[in-house]
Amino acid sequence: MCGELREEHAGTEVVLCGWVHTRRDHGGVVFLDLRDRTGLVQLVCNPEVSPASHALAHQARTEYVLACRGEVRMRPPEAVNPALATGKVEVLAREIKVLNASRTPPFEIQEGVAADEALRLRYRYLDLRRPEMQEALILRGAVTRAVRSYLDEKGFIELETPVLTKSTPEGARDFVVPSRLQPGRFYALPQSPQLFKQLLMIAGYDRYYQIARCFRDEDLRADRQPEFTQIDLEMSFVDADEVMETVEGMFDRVFRQVRGEGLELPLPRLTWRRSLELYGDDRPDLRFGMPICDLTAIFASSGLRLFQEELQRGGMVRGFRLEGVTSPSRKVLDELVEFARGLGSAGLVWVVREGEDLRSPLARHLSGEEKKGILEGLGLLEGEVGLILLGTFEETSERLARLRRHCVEKFGIGPRKPWSLVWVVDFPLFEWDEEEKRYKSNHHPFTSPKPEFLDRLEEEPLKVLSDSYDLVVNGSEVGGGSIRIHQRDLQERVFRLLGLGEEEAREKFGFLLEALDYGAPPHGGVAFGLDRLVMLLAGRENIRDVIAFPKTQSGADLLTGAPDVIYPQQLRELRLRAT
Ligand code: ASP
């Protein structure tokens, strides 16, 4: 391959195929950089060696497809190009064939090309020729290869589940496909293989995996696509620990293979509650320190109205230390106050350590004890800033989490380590949907409550914790799963709590309930978003950069023009009318 030639190949004959990257015509000799997915190599086309090759090289333009037979030789010392992996050698062309011509591409096929994304997506096959795109997609292939080899070794069976199926609710809108043979009926594209993988457990295939395409018809955000890929697995006769251990081994293998270094195992675990206490949300990024401290007790007998009122309504005082940010200007502090106000917080209190004392707008209202409590509680070093918010646990959690993320960016706080992989476990089984006035599953309706809550399910549903786990990588949720309900009566109780009438439950999930009656083993599993995982591993900001043919924010494929209208004949056959 073009990019693989090195000094040791000097003197050998090679046949290379690739695209003309650049052409330099030096009167007598034509130099072509020939490119394939491994890189570039310089071809030297000398009329004295091969007049025919020289003539073709002279005519070739960028992105022409060539085959070249020639001899690898060392470049003269002054012509060595240290910026190129193949820069010490070149290929003296003896024979060239133009396999195809090319029009001038609408943008340069170069690293870091500044072309507009819409244009890149319209000509995706050209965009994908760029080295950074090739790197990302080749890395993607390496990730799935590592996953497959690990899971195969562990005795998992790779199985496919249907794409034309019945709705499997994971909390999003379904894409639907009309049935021609049964007019008026629709398939749904799977939001995940959830129910099929559970059925496979019931069928006795106790370790399943699939690199599965999933579809969710949601409004797209920067890191979402209407179709995406999941590494989906399920195991029988396991508890949550065993699923997590299996996954840790898999991630270790992936990291080893694509980053050259494995992970420190076991991965840390935080309960959902603890994660909220320490980082304000359930997607903690442990590359940074700065945990949240609860300072409420320090202000129990505060004379300040602000604090008194907050504590009376059951509020809290919580804050964190801005690690390494010392003696900021008043302007910077005011900007933080402004940012906090934007999050809905009435007031952000900042403090700056000055010896054993502190500087703060509230300083003169604080007792010596309170000041000491703040300095120690937050662990402030000399000159460092602490940020404190008042509010309920939920309010302060959400706001502090956002403030923490904001500060990491604003102050360019450096990570302590390149990777943070952490499990967040024991999520509440339900959450309350204020709009619809009903309970909703936090994960999905098939997640098992922890056994200790089984007899209190109906009494205090919001207090029930589930046997669930999410894997958070560098502050983004990369996947999650749970131990599933494997008993029909429990599944029916959960459906009832979710407000699903008996009739509706049977209509939607009758097949699952029935299957649970025929010897369903205890089982659990997990799924990971491959796209997001590859995005993180490739150090990209945009999920579209790790998908060969992604869709835009409005769900369009700019290359093929999907979604598109269909012929009236097709509509008639489906008995549909397009509006
Ligand atoms: N089916 C779940 C999801 O797609 C993952 C799981 O519970 O295994 O998020």
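Read-outs throughout are calculated quantities, based only on the coordinates presented, and are distinct from any laboratory measurement. These numbers come from a predicted model, not from an experiment. Glycine also receives a Cβ, built like all others from the backbone with ideal geometry; neighbour counts cover every protein chain displayed.
Computed values, structure above
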| quantity | calculated |
| --- | --- |
| Order by protection proxy (mean Cβ within 10 Å, highest first), peptides 72-80, 565-573, 352-360, 439-447 | 439-447, 352-360, 72-80, 565-573 |
| Order by protection proxy (mean Cβ within 10 Å, highest first), peptides 279-286, 505-512 | 279-286, 505-512 |
| Size descriptor, Kirkwood hydrodynamic radius, that averages inverse alpha-carbon separations across the stretch 197-332, Å | 20.1 |
| Cα extents of the stretch 226-294 along the three principal axes, largest first (Å) | 39, 33, 33 |
| Global geometry of the stretch 422-469, whether rounded, prolate or oblate, following the gyration tensor of its Cα atoms and the 1.5 cut on a/c | oblate |
| Amide proton proximity set for Arg484, modelled H, under 5 Å, gap of 5+ | Ser448, His523, Gly524, Gly525 |
| Dipole-positive endmost among Thr229, Tyr208, Gly249 within the stretch 197-250 (Cβ charges, Cα centre) | Thr229 |
| Most positive-pole-ward Cα, Ala578, Ser397, His58, against dipole of the chain from beta carbon charges | His58 |
| The stretch 291-426: Cα Rg divided by the 2.2 N^0.38 Å rule of thumb | 1.04 |
| Hull volume in cubic angstrom per residue (convex hull over the Cα atoms of the chain) | 226 |
| Residue-by-residue Karplus 3J(HN,Hα) for the stretch 468-474, coefficients 6.51, -1.76, 1.60, Hz, glycine and proline x | 10, 8, 10, 9, 10, 10, 6 |
| Dipole moment magnitude, nearest 20 debye, the stretch 268-358 about Cα centre, only Lys, Arg, Asp, Glu C-beta charged | 240 |
| About the Cα centre, charge dipole magnitude for the chain (Lys/Arg +1, Asp/Glu -1 at Cβ), debye | 1640 |
| Cβ charges +1 (Lys, Arg) and -1 (Asp, Glu), total dipole of the stretch 87-199, debye | 400 |
| FRET efficiency, 1/(1 + (r/R0)^6) with R0 41 Å, evaluated for Glu541 and Asp489 via beta carbons | 0.30 |
| Dipole of the chain [Lys/Arg +1, Asp/Glu -1 at C-beta], most positive-end residue of Tyr567, Phe196, Trp432 | Tyr567 |
| 10 Å beta-carbon shell around Glu234, net charge (K/R +1, D/E -1) | +1 |
